[in-house]
There are 2 protein chains.
Amino acid sequence: MTKSELDAVYRDYIDALNHQAWHELGRFVHEDVRHNGRHIGLSGYREMLEADYRTIPDLQFHIDLLVSDPPYIASRLNFECSPTAEFLGLPVNGRKISFSENVFYEFQAGKIWDVRSVIDKAAIEAQLRS
Amino acid sequence: MTKSELDAVYRDYIDALNHQAWHELGRFVHEDVRHNGRHIGLSGYREMLEADYRTIPDLQFHIDLLVSDPPYIASRLNFECSPTAEFLGLPVNGRKISFSENVFYEFQAGKIWDVRSVIDKAAIEAQLRS
């Protein structure tokens, strides 16, 4: 897959997340996907995302920066949202917060196969203190 | 700068950090560098790194994954080290911890000009609880 093809697949994936188009997830995510070292598979991946939307009903993924080098993509995602309860163990409780996620994806056969993500928890803690 | 040239510069930069070769930092880091939205400049960047080594005398940077797409590099760095006191506000106090940093660099004129880094604080918290 070329760089521009990979970018297009990734942008379509993010668009599917923002529309909660879970029936399309298998177009983008490999059956054997791993997330932060855990083999969760496509069904576990979908459950993770559905749980995210239950906690954060206004969740939207914004691509701030996309660095692609097939079969890898690195993406900086920005979020501005209001988790209704605890989020990452922090008492957010409906407050609007902004944070970033720096995430690497390895693709296999055109689908996301390995995800290594870090969310900027320290930024959220700083907002809750202010 | 080509992808392979950019990769080589970045690997030399990491090597310089691991040798605490601060006098070489200006070869890799732009005078006007920004770090996580703050304009700290080369001198501020050096101070930040020197402070890191004071807190973490056994600090070493290991590149786990490098994704490059000039003028951008995204790197997943792994650390196994023993901060002597607090680290990211956590009471590490000499305990050996492992964590990752997912970081994006934008280069300008062959030097690091903008850094957007997220450290996996949640992973450290989990180790301190165990």
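The values are calculated or read from the model by the stated rules, or taken from the named source; none is laboratory data. Please read these numbers as outputs of a predicted model, since none were measured by experiment. When we count neighbours, we look across all protein chains shown, and the Cβ atoms used for this are built from the backbone with ideal geometry, even at glycine. For the accessible areas, the whole protein counts, side chains as well, though only heavy atoms, and no ligand, DNA or RNA atoms are used. Shrake-Rupley method; radii C 1.70, N 1.55, O 1.52, S 1.80 Å.
Listing for the model above:
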{"read-out": "Residue identified as over 22 Å from B:Arg116 (Cβ atoms), hydroxyl-bearing (Ser, Thr, Tyr) and either buried (at least 17 other Cβ atoms within 10 Å of the Cβ) or at the interface with chain B (Cβ under 10 Å from one of its Cβ atoms) (or both) among A:Tyr105, A:Tyr72, A:Tyr45", "value": "A:Tyr45"}
{"read-out": "Residue ID - farthest from A:Phe104 (Cα to Cα), chosen from residues in the range B:75-102 that are outside any loop (DSSP other than H, G, I, E, B), open to solvent by 20 Å² or more (accessible area, probe 1.4 Å) and within 9 Å of chain A (Cβ to nearest Cβ)", "value": "B:Glu101"}
{"read-out": "Checking B:Ile56 against (1) surrounded by 15 or more Cβ atoms within 10 Å (Cβ to Cβ); (2) within 14 Å of chain A (Cβ to nearest Cβ); (3) over 23 Å from B:Asp114 (Cβ atoms), the condition it does not meet", "value": "(2)"}
{"read-out": "Any chance A:Ser117 is within 9 Å of another protein chain (Cβ to nearest Cβ), in contact (Cβ under 8 Å) with a residue 24 or more places away in the chain and assigned to a strand (DSSP E or B)", "value": "yes"}
{"read-out": "Count of residues meeting criterion [more than 14 Å from chain B (Cβ to nearest Cβ), open to solvent by 30 Å² or more (accessible area, probe 1.4 Å) and part of a strand (DSSP E or B)] in the range A:27-42", "value": "4"}
